[in-house]
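Worksheet: the structure to be examined is printed underneath.
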Amino acid sequence: MKNLPMYFRFVLMSLMVSVLFSCSTSKNLQSTAKNSFSKGADVGWLPQMEATGYKFYDTDGTEKDCLQLLKDRGMNTIRLRVWVNPNDDKASGHCSKEETVVMALRAQKMGMRIMIDLHYSDSWADPAKQFKPKAWENHTFPELMKDVYDHNFDVLSALKSAGVTPEWVQVGNEIPGGMMWPEGSTKNWNQLAQLLNKGYEATKAIDPKIKVIVHLDEGNNNEKFRWFFDNATVNNVKYDVIGLSYYPFWIKKDYTETISDLAYNLNDMVARYNKEVMVVEVGGEYDKVQNTYEMLAATIKAVKAVPNNKGLGVIYWEPQGEKSWSGYSLSAWQSDGKPTMALDAFKEL
């Protein structure tokens, strides 16, 4: 460079500084995105809705991509459930590995962060039902441990091959009574711990930076969470984040009666177990828009108030799952295909 004329040396140095600054800025922006508060939606129904011809519209009547509508309302995260061998039922099927890869890639291209929710079932897994996939029904417990590891690794490998490494992975969905009954029931805590740890190990084998979530319902119920995670601690369950569902509707109480209990539980989980916390499912009645808006705002406030940024985010479960299509009353969508004002709670104030 010393033999170049002064002008060219100046130009070259300027270009080098510009490139270095750009790279540094890009890395900082990526780091900021990773560390920012997660606001999102579980949209497992979206591929089926689109396949059946459902159209999504903005408030001005313009047809838009559903994910864009969610992003416009401040959302930055998409959560996707995965079933092992699902059927083709419109509302209780799909969510295969292949469909999940397609949707995750689509969401990531729109700048969304990704959470994967592994149910270890062929259909819905929740506190009332945790049925093993049919293909695993007659497997021994050692085989079931291998099934969990292999399924985790297979799904996440497929995502990684497509260019998507999720930020979070749930090992099980709403598991206060365990998962993969009866072997993984909380009546068999030692076995449940081994299954959870196989999911953790497979996830970390793909990328150790992925955060593993263990998820219970009734996020306002501190007694339930203490009982479960005390047992998890005794049995050496490995995880990074405590995931909570919060649905005032299902416990037949208004959010104003339980939001302080949610806030207390969030803070207690962090203090008691030294883990991060995240409301991975929330929802309110689609036809009580103001109440749902206020509930969401209060939930976001409670999670953000957790000390030391240990409250990671809030995710609405199927906000786009409009009732005439899904039969589900806790969406945040109108019959005309437009989002309700309730989702404005996710916008930055």
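The values are calculated or read from the model by the stated rules, or taken from the named source; none is laboratory data. All figures in this text were calculated on a predicted structure; none of them were measured in a lab. Cβ placement follows ideal geometry from the backbone for every residue including glycine, while neighbour counts extend to all protein chains displayed. These area figures cover heavy atoms from the full protein model, side chains too; ligands, DNA and RNA do not enter into them. Shrake-Rupley method; radii C 1.70, N 1.55, O 1.52, S 1.80 Å.
Nothing charged except the Cβ atoms of Lys and Arg (+1) and of Asp and Glu (-1): what's the magnitude of the dipole of the chain about its Cα centre? Round to the nearest 20 debye.
On the way: 40 positive and 43 negative charges, 300 e Å.
So the dipole magnitude of the chain works out to roughly 1440 debye.
Obtain the nm distance between the two label points defined at Arg106 and Met341 by a simple spin-label model: each point lies 7 Å from its Cα along the Cα-to-C-beta direction.
Modelled inter-label distance: 3.0 nm.
Taking the chain as a Gaussian network, where each spring joins two C-alpha atoms under 10 Å apart, which residue of Thr256, Thr299, Thr186 fluctuates the most?
In this elastic network of the chain, the residue with the biggest mean-square fluctuation among Thr256, Thr299, Thr186 is Thr256.
Within 10 Å, count the other beta carbons around each residue, average over each peptide in 72-81, 52-61, and list them highest first.
Listed from highest to lowest mean packing, they are 72-81, 52-61.
Per 10 Å bin, what percent of the C-alpha pairs of the chain does each bin hold, from zero upward?
Calculated over all Cα pairs of the chain, the distribution is 5, 24, 33, 23, 8, 4, 2, 1 percent.
Between rounded, prolate and oblate, where does region 55-195 land on the alpha carbon gyration tensor, with a ≥ b ≥ c its root eigenvalues, rounded for a/c under 1.5, else prolate if a/b exceeds b/c?
prolate
For the chain, report the accessible area per residue in Å² (1.4 Å probe, heavy atoms, rounded to an integer).
45 Å²
Any number yet on Rg/Rh for region 166-271, C-alpha, Kirkwood?
Rg divided by Rh gives 0.99.
Give the aspartates and glutamates reachable from Lys301 as a straight Cα distance under 13 Å; neighbours fewer than 8 places away on the same chain don't count.
Filter leaves Glu348.
Which value results when the Cα radius of gyration for region 260-349 is divided by 2.2 N^0.38 Å?
Ratio of Cα Rg to 2.2 N^0.38 Å: 1.18.
Using Cα centres only, tell me the gap between region 111-162 and region 315-346 in whole Å.
Measuring centre to centre over Cα atoms gives 27 Å.
Does region 40-88 come out rounded, prolate or oblate by the C-alpha gyration tensor, with a ≥ b ≥ c the root eigenvalues, rounded set by a/c under 1.5 and, if not, prolate when a/b is larger than b/c and oblate if not?
Oblate.
Summarise the accessible area of the chain (1.4 Å probe, protein heavy atoms) by the percent that is carbon and sulfur. Display every interim value, and only then the final one.
Values: 8590 of 15730 Å².
Its accessible area is 55 percent carbon and sulfur atoms.
Tell me, what is the FRET efficiency for Asn190 and Lys288 to the nearest 0.05, using R0 = 35 angstrom and their Cβ-Cβ distance as r?
0.20
Using only Cα positions of region 214-255, each an equal point scatterer, no hydration layer, compute I(q)/I(0) via Debye at q = 0.15, 0.16, 0.25 Å⁻¹ and quote the log10 values to two decimals.
-0.40, -0.45, -0.86
In nanometres, what is the gap between the two model label sites at Lys304 and Asp150, each 7 Å from Cα along Cα-to-Cβ?
Between Lys304 and Asp150, the simple spin-label model gives 4.6 nm.
For the ranges 129-142, 188-201, what's the packing order if you count other beta-carbon atoms within 10 Å of each residue, average per peptide, and put the highest first?
Result, highest mean first: 188-201, 129-142.
Quick check: residue separation of Asp88 and Glu137 times 0.36 nm, minus the Cα distance between them. What number comes out in nm?
15.6 nm
Over all directions, the average projected area of the alpha-carbon convex hull for region 61-136 comes to how many nm²?
For the Cα atoms of region 61-136, the hull's average projected area reads 6.4 nm².
Quick check: residue separation of Ala297 and Trp227 times 0.36 nm, minus the Cα distance between them. What number comes out in nm?
22.3 nm
Highest GNM mean-square fluctuation, the chain, Cα pairs closer than 10 Å: which of Ile175, Ile242, Ile206?
Ile206
May I ask you to give the average projected area over all directions of the convex hull of the Cα atoms of region 136-214, in nm² rounded to one decimal? Display every interim value, and only then the final one.
On the way: hull surface 20.1 nm².
Across all orientations, region 136-214 yields a mean hull projection of 5.0 nm².
Any idea what the alpha-carbon Rg over 2.2 N^0.38 Å comes to for region 184-229?
Here the Cα radius of gyration is 1.34 times the empirical estimate.
Across 10 Å bins from the origin, how do the percents of Cα pairs in region 206-324 run, short distances first?
All Cα pairs, binned at 10 Å, distribute as 13, 46, 30, 10, 1 percent.
Return the percentage of antiparallel bridges among DSSP beta bridges fully within the chain, rounded to the nearest 5 %.
Working: 4 of 39 bridges.
Here the antiparallel bridges make up roughly 10 percent for the chain.
Which of rounded, prolate or oblate describes region 267-306 when judged by the alpha-carbon gyration tensor and an a/c cut-off of 1.5? Write down the numbers at each step before the final one.
Working: a/c = 4.36, a/b = 2.64, b/c = 1.65.
The shape class here is prolate.
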